[in-house]
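Each remark here refers to the structure printed beneath this line.
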2 protein chains.
Amino acid sequence: MATVRIIDVTPRDGLQDAPGYVPVPDKVQLIQGLLGAGVPAIEVTAFVSPRWSPLIADGEEVLGQLRDHQGEWIALVPNLKGVQRAIRAGVDAVTLVVSASESHNRANLNRSRDETLNLLQDAARLARQQGLRIRGAVSTAFDCPFEGRVALSAVLEVVARYLAMGVDEIILADTLGTATPRLIKERVQAIKAVAPEKTVGLHLHDRRGWGLANVAVAYEYGVQEFEAALGGLGGCPYAPGAAGNLDLERLVEFFEAQGVSTGIAGDRLVEVRQRVLTVIAQGLPAPETSKKMEG
Amino acid sequence: MATVRIIDVTPRDGLQDAPGYVPVPDKVQLIQGLLGAGVPAIEVTAFVSPRWSPLIADGEEVLGQLRDHQGEWIALVPNLKGVQRAIRAGVDAVTLVVSASESHNRANLNRSRDETLNLLQDAARLARQQGLRIRGAVSTAFDCPFEGRVALSAVLEVVARYLAMGVDEIILADTLGTATPRLIKERVQAIKAVAPEKTVGLHLHDRRGWGLANVAVAYEYGVQEFEAALGGLGGCPYAPGAAGNLDLERLVEFFEAQGVSTGIAGDRLVEVRQRVLTVIAQGLPAPETSKKMEG
């Protein structure tokens, strides 16, 4: 039977820039709800500086309440310190992140692309030693808010560096939500050509209603993994004009209607989505961050 | 350069079941507006009984005012009488129509599928003799509102009959708007296998937001022609639950953004769309039909 792996990024990308803070118990309930609906892997948090993402600076606390689990817990990490925190918090996988375009990388991570890649080598080494699954995410893999169309060669340079670090997956992120099926086909085929054995995933932002068209064509060309968020929440705070993530429920329905199994019970997501949107709508401020969570 | 042919069906499918009648001068202005924006072919009307489609029973009058033209005028015809009217009215192409499913064919055309196909043989012969382009449309090519999933074999039977009649194109119609990329791939590949030299087109109804995903995958598998309507107007009156057509402007934008040329200036469609929607919104009743237009 045809299958596809859908990863929920609601607690990380969906909440990091939301109009209200979701307290730790609600985050835990959200994640348990997603897991209960059959979501196989969840990006729980990002281990970055709390100054960057105060709304999700509670990753250690959240993961501390999620020790026993069947699913895969993922954390986004920008550097070695992030991996160290991820290991202590007990995650199963880390998402390393670098932009294919220089300008977005500087805006997002405050250093050059090469400096970032050099730092990620140490991060990847430690993650591998600890048996963590390593996901290499390429931001601005299609267009950059500052530079426009990103050259395929720039994406392939980052992919080559990731492969040298021994990543398990390559994730192409459509940071701006401007990818088209034709671009996705071009880039997926190029990556499959240099790394036929690696899982290739997509992180799409659904800006113009082209999200599912991109998904459908990516699936045809061998993409096996898609990231999504409840209610289409999300958007990169460092990419002006970026739209929300793919809507998790719509994505599940889209695949299941085609006989492609996601393992997710779409009807069980409704209540989970309603609950988290209700909490966000309260517009709570981010809690004061403590020294120990400094990234 | 990659190209795709987009056919506008606003005057026929968009207006046949609209909440208001569009008078002949407005229909002519609509069609000239579409042509002026570069739309290469327009389904102008249907030559059916005015009892069936009173809002578009004015096809002769409309076409009478459109004698000089650069584009391709298409009329939907259900039988020989329809082709005779189409020839007198000066169209360039006819769309023959039959459903792959028996129940929808009876609801739509009031006779069995085989009876319809037998009648269409004479219609196709006359159209060919007169040098008209012949489009063979297969309604309920995916799902039927009464029978559910339609067997691929039922679609291929209709296609074989159409090929025997010498049609120039096969059009698969997603009457209910329930097609998925996977179904489209299956059916397009099967038709391309038996008729590799024929143009294959799609007539989609965008029910669940999967329209562009279906378009994208169809394009990958060799579909060169797509039908659409301004404002996503349309829907089959004999298919309960059917949604509107693909939105013409969104379809043009989708292809042009990928470097696939449609030949259509999307920005020139805005005013055309606004004008026709304004007329529809007036809610004018259908004019009384005259004896001479009896189908």
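Using every pair of separate Cα atoms, the Kirkwood estimate puts the hydrodynamic radius of the protein assembly as shown at 25.8 angstrom. Net charge of the neighbourhood of B:Gly14, taken over other residues with C-beta under 11 Å away and scored Lys/Arg +1, Asp/Glu -1, is -3.
Normalised by 2.2 N^0.38 Å, with N the number of residues, the alpha-carbon radius of gyration of the range B:1-143 equals 1.03. Considering protein heavy atoms only and a 1.4 Å probe radius, which residues within the range A:190-213 exhibit an accessible-area decrease of no less than 20 Å² in the full assembly relative to the chain by itself? Correct list: A:Arg208, A:Gly209, A:Trp210, A:Leu212, A:Ala213. Atom-type composition of the exposed protein surface of chain A places 47 percent of the accessible area on carbon and sulfur (1.4 angstrom probe).
Each residue of the range B:18-27 is assigned a 3J(HN,Hα), and the resulting list reads 6, x, x, 7, 9, x, 3, x, 6, 4 Hz, derived from the Karplus form 6.51 cos²θ - 1.76 cosθ + 1.60 (θ = phi - 60°), x at Gly and Pro.
Residues in the range B:68-85 carry Karplus couplings, in order, of 8, 7, 9, x, 10, 8, 10, 10, 7, 9, x, 6, 4, 4, x, 5, 4, 5 Hz; the curve used is 6.51 cos²θ - 1.76 cosθ + 1.60 with θ = phi - 60°, and Gly or Pro positions show x.
Per the Kirkwood formula applied to alpha carbons, chain B shows a radius of gyration over Rh ratio, Rg over Rh, of 0.93. Here the calculated FRET efficiency for A:Asp68 and A:Arg128, from their Cβ-Cβ distance with R0 = 35 Å, stands at 0.90, rounded to the nearest 0.05.
Computed with a 1.4 angstrom probe on protein heavy atoms, the A-B interface buries about 1800 square angstrom of accessible area in total.
For chain B, a Gaussian network of Cα nodes joined below 10 Å ranks B:Asp58, B:Asp122, B:Asp68 by mean-square fluctuation, and the top entry is B:Asp68.
Ligands, DNA and RNA are left out, and with a 1.4 angstrom probe the accessible area of the protein assembly as shown is 37 Å² per residue. Residues whose amide H lies under 5 Å from that of A:His205, counting only those 5 or more places away or on a different chain, are A:Asp174, A:Gly177; hydrogens are built 1.01 Å from N in the peptide plane. With the helix formula -39500 (n - 2.57) applied to DSSP H stretches of n ≥ 4, chain B reaches a computed 222 nm mean residue ellipticity of -12000 deg cm²/dmol.
The values are calculated or read from the model by the stated rules, or taken from the named source; none is laboratory data. Given the structure is predicted, the values throughout are model-derived calculations rather than measurements. Here Cβ is always computed from backbone atoms with ideal geometry, including for glycine, and neighbour counts include all displayed protein chains. These area figures cover heavy atoms from the full protein model, side chains too; ligands, DNA and RNA do not enter into them. Shrake-Rupley method; radii C 1.70, N 1.55, O 1.52, S 1.80 Å.
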